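Values in this text are rule-based calculations from the coordinates and carry no lab data. This one's a predicted model, so the numbers in the text were calculated from it and none came from an experiment. All Cβ positions, even for glycine, are placed from backbone atoms using ideal geometry, and neighbour counts span all protein chains on display.
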Amino acid sequence: MKFRFAGPLLAVSLALFGFGPAQAETELTIAHNLSPSSHYSAGAKAMAADLAERSGGKFKLVESYGGSLGGERELTEGTQIGTIDLVITSTGPIGNFVPDTLILDIPFLFSSYDQAHAVLDGPIGQALLEKFPEHGLKALAWTENGFRNLTNNVRPVKEPADVAGLKVRTMENDIHMEAFRTLGMLPTPMAFTELFTALEQGTVDGQENPIGVILSANFADVQKYLSLTQHVYSPSIILIAPAVWNDLSEEEQGWFLESAKVGSEAVRKKVREDADNGVAILRDKGMQVIEQVDTAAFQDALKPAFDKFAEQFGKDNIEAIRDYKP
C-alpha cells in the first residue's frame, strides 16, 4: 500500500514523524563598547558558539561592538528596560545601578588575577550577583578587564606627586573619582566611546585602562606615557535583559548560564595574553613605558580615601576581599 500526502496534511504528518522544519532560531544581540579585536569580543564569540551548540541552534547571539548601541551606562540601561538583549560591560557604571558592587572598585584591593577570580567566582562574588535582580538587572557571570594602568601626554608618572593636576578621563564611578581626587588628579567622567577623540584633541591629558583596552583602542596613537600602576583590578560582567531571561525555560536558563561561563573564560584568557604581551607591543608603537612605579607611595597617599571606603562599605567587608586566599 502506498501513502500519499499533500498540502497541510503532508506538513503535519512529517512533523509527527520528526521530519518537519527545524525549530525556529531566536536571534539575540550581545553588545559591548570595545573593538572586534578586544577581550570582550573574544568572550562574545565564545559564548555565542557555545550557546548555539548547547541549544542545538535554537539561540543565535549576534555581536554589536564599538559602542554602536551606546556607552556602557546606556547598554546597562538597555538591558534593564529590555531594548538590548545581552551586554558585556565593565563594572564602571554598574555601581550606579547596584551600589554594593562599588566595593570591587577600591584601589589596590586585589593582589593578583588568581585572587580576583577566587573572590568573584566564590561566595562573595555570587552574593553580589544575587543583588542584581532587586535593581531590575540579571547578571549571568563575572568576567574581567584586568588591572588598570595610567597613560597621559604630560609627563612620566612614577609616584603620587607626578599625577597632581592631571586631567584624566574616568568612568562614571564614585570610587574611582574619590581616589583620583585624593591623589590630586582632576577626574573627568566620560563615555568610553568619546575618549579617543578627547585624548586626540587634548580635552583630557590621560586615561586609565587595562593593557588590553589600551591596545585594542589604539591609545598608543594619542598617548605618550604608560605607567604600570595597576592601581585597580577591573572586573566586568555579562548581563541579560530580565525580559529575555524570564521568557526562558529553566533548561534554557541553564544553557545561558553555562555559556556565559565559557564566554567569561575566553575573556580572561585574552586579558592575560594582552597583559603578558601587550606592553612590548605598546612600547614598539612608541609609548614610553614606566615600569618602576612606587606602589607603596600611592597606597600611602590614598589613606584618606581608604578611610572613607571603610566607613562606606565596612572595614571587615573590605578585609574579607583583600585577605581572601585562592
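Rounded, prolate or oblate for the chain? Axes are the square roots of the Cα gyration tensor eigenvalues, ordered a ≥ b ≥ c, and the cut-off for rounded is a/c under 1.5.
Judged from the Cα gyration tensor, the chain comes out prolate (a/c at least 1.5, a/b above b/c).
For labels at LEU257 and SER112 in the simple 7 Å Cα→Cβ model, what's the distance in nm?
It is 3.0 nm.
Could you please report the charge total around THR29, scoring K, R as +1 and D, E as -1 over all other residues with beta-carbon less than 11 angstrom from its beta-carbon?
Overall, the nearby charge balance is -2.
What residues have an amide H closer than 5 Å to that of ALA31, excluding those fewer than 5 places away on the same chain, when H is modeled at 1.01 Å from N in the peptide plane?
Amide H neighbours of ALA31: SER64, LEU86, VAL87, ILE88.
How much length is gained if the chain between LYS58 and ALA280 is pulled fully straight, taking 0.36 nm per residue apart and subtracting their Cα-Cα distance, in nm to one decimal?
75.7 nm
Summing -39500 (n - 2.57) over the DSSP H runs of n ≥ 4 in the chain and dividing by its residue number, what mean residue ellipticity at 222 nm do you reach, to the nearest 500 deg cm²/dmol?
So the calculated ellipticity at 222 nm is -13000 deg cm²/dmol.
When the chain is treated as a GNM, springs tying every alpha-carbon pair under 10 Å, which of PRO235, PRO304, PRO210 comes out with the largest mean-square fluctuation?
Maximum among the listed residues: PRO304.
Order these by the 10 Å Cβ neighbour count, fewest first: GLU63, GLU319.
GLU319, GLU63
Using +1 on the beta carbon of Lys and Arg, -1 on that of Asp and Glu, and nothing else charged, what's the dipole of the chain about the Cα centre, debye to 20?
Values: 28 positive and 44 negative charges, 143 e Å.
The dipole magnitude comes to about 680 debye.
In what order do LYS158, LYS325 fall by count of nearby beta-carbon atoms within 10 Å, going from fewest to most?
Least to most surrounded, the residues fall as LYS325, LYS158.
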